[in-house]
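Where a number appears in this text, it was derived from the coordinates with a stated rule and is not lab data. None of these values were measured; they are calculated from a predicted model. Cβ sites come from the backbone with ideal geometry, for glycine too, and all protein chains shown count toward neighbours.
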Amino acid sequence: QVQLVESGGGLVQAGGSLRLSCAASGNIFSTNAMGWYRQAPGKQRELVARITSGDTTNYADSVKGRFTISRDNAKNTVYLQMNSLKPEDTAVYYCHFLNGPYPYWGQGTQVTVSS
């Protein structure tokens, strides 16, 4: 079993920055992937960014060049640095942890970008 604790999020003006964190604890496999998804009202949940235990990253086209995902393996924590935020980035952001073949989700944190 894995537990995820998210932090960060909040309200920011357009052009501002926020940093999300997600710490995993429990029985963590050496091969895993951590990432962030988001879901805006009335829309499907979508991948924002993910990073594997081998540090391979991928990003949604809409956030490339603005968001950076990183991880601290010693702390089993993933970070999402979000810069140049836009109103369309407003959503609930969910931490996702793929522990070997087993997926886990965080509780979600609200990010609101005002224009």
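Observations on the model:
- The length gained on full extension between R66 and Q3, counted as 0.36 nm times the residue separation minus their Cα-Cα distance, comes to 19.9 nm.
- In a reduced charge model with +1 at each Lys and Arg Cβ and -1 at each Asp and Glu Cβ, segment 1-61 shows a dipole moment near 140 debye about its Cα centre.
- Under 29 Å from the Cα of K86 - lysines, other chains or at least 8 residues apart: K43, K64
- Beta bridges from DSSP with both residues in the chain: antiparallel share about 90 percent, rounded to the nearest 5.
- Extension gain, I28 back to S115 (0.36 nm per residue minus Cα-Cα distance, nm): 27.3 nm
- Quarter of Cα convex hull surface for segment 7-47, i.e. mean projection, nm²: 4.5 nm²
- Both radii come from the Cα set of the chain: Rg as radius of gyration, Rh as Kirkwood radius; their ratio Rg/Rh reads 0.96.
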